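Structure, as structure tokens:
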Amino acid sequence: MSSATAATYAWLYREFTDDADDTWLYASFIRDLSPEDALQRIDIAPGPLGESGFGVSAIGADGGTVLIECGWAGIVYDKANLLSVGTVAASVFATTTDDGFTYCVDGQVVTTFDLYSYLYRRGSDPDRLESGVKALGMDVDGELPEFPDDAVSRALALAERATGVHLSPARYAGPALLGPTEHLDPYR
């Protein structure tokens, strides 16, 4: 298992957090899957983003692919089960109104929880990542006196630990495969 920490992904958290401390981030880490295959699994054809600018960026990373959504539909988070078929996927999202973590193996949700409510986790094996959650200092039993201010970075580190996929700032800044998501918009 990886030894990623919150500091490993502080840069990604900051990339999707504005000056008012509002975060809009949807990311999925998928082991041993190419960017092309990851997009295909969630019905996204590579190509330019549409008029809305909404889409997915598929980035080749160490150990697999990381998908990052441009927009707020939650497509890469909601389709973690499809991304995990034959492999594993961990998805993280954080917005001004909600957040979550989901870990899937071969199409099945193993564990899912809100970043600030691990106590209420659910899934087919909800405790599978508990040692990683504890190692990262996340609130396992609701007993911490206050929420950590880097819960999103900790969740991203947990995604790496669970999948073995590492996204570096250099890979993030490099070339990525883009695909539009207007046809998948759940708000239409």
Filtered residues of region 3-24 (kept if surrounded by 19 or more Cβ atoms within 10 Å (Cβ to Cβ) and touching an Asp or Glu at 6+ places or on another chain (Cβ under 8 Å)): 4, 6, 8, 9, 13
Residue among 129, 115 that is crowded, with 18+ Cβ neighbours inside 10 Å, without any contact (Cβ under 8 Å) to a residue 60 or more places away in the chain, over 22 Å from residue 69 (Cβ atoms) and touching a strand residue (DSSP E or B) at 6+ places or on another chain (Cβ under 7 Å): 129
Checklist (1) more than 13 Å from the chain's Cα centre (by Cα); (2) modelled with pLDDT under 95 applied to residue 85, failing item: (2)
Some residue of region 26-46 being closer than 19 Å to residue 12 by Cβ, surrounded by 18 or more Cβ atoms within 10 Å (Cβ to Cβ) and basic (Lys, Arg): yes
Single condition residue 108 does not satisfy, out of (1) in contact with a Ser or Thr (Cβ under 9 Å, 6 or more places away or on another chain); (2) within 23 Å of residue 14 (Cα to Cα): (2)
Hits in region 14-29 - residues which are over 14 Å from residue 151 (Cα atoms), part of a loop (DSSP other than H, G, I, E, B) and of a type in the set (D, E, K, R): 18, 19
Some residue of region 55-62 being more than 12 Å from the chain's Cα centre (by Cα), part of a loop (DSSP other than H, G, I, E, B) and touching a residue at least 24 places away in the same chain (Cβ under 8 Å): no
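For residue 135, are the conditions met, namely being small (Gly, Ala, Ser), farther than 21 Å from residue 31 by Cα and either touching a strand residue (DSSP E or B) at 6+ places or on another chain (Cβ under 7 Å) or surrounded by fewer than 19 Cβ atoms within 10 Å (Cβ to Cβ) (or both)? So that I can check it myself, show each step before the final result.
Working: small (Gly, Ala, Ser): yes; farther than 21 Å from residue 31 by Cα: yes; either touching a strand residue (DSSP E or B) at 6+ places or on another chain (Cβ under 7 Å) or surrounded by fewer than 19 Cβ atoms within 10 Å (Cβ to Cβ) (or both): yes.
Yes; evaluated as a whole, the condition is true for this residue.
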Output for region 64-104, where each listed residue is in a helix (DSSP H, G or I), in contact with a Cys (Cβ under 9 Å, 6 or more places away or on another chain) and buried (at least 24 other Cβ atoms within 10 Å of the Cβ): 80, 83
For residue 43: the one exception among (1) touching a helix residue (DSSP H, G or I) at 6+ places or on another chain (Cβ under 7 Å); (2) on the phi < 0 side of the Ramachandran plot: (2)
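The values are calculated or read from the model by the stated rules, or taken from the named source; none is laboratory data. Just so we're clear, the structure is a prediction, and the values are computed from it rather than from any experiment. Quick reminder, even Gly has a Cβ in these numbers, built from the backbone with ideal geometry, and neighbours come from all protein chains shown.
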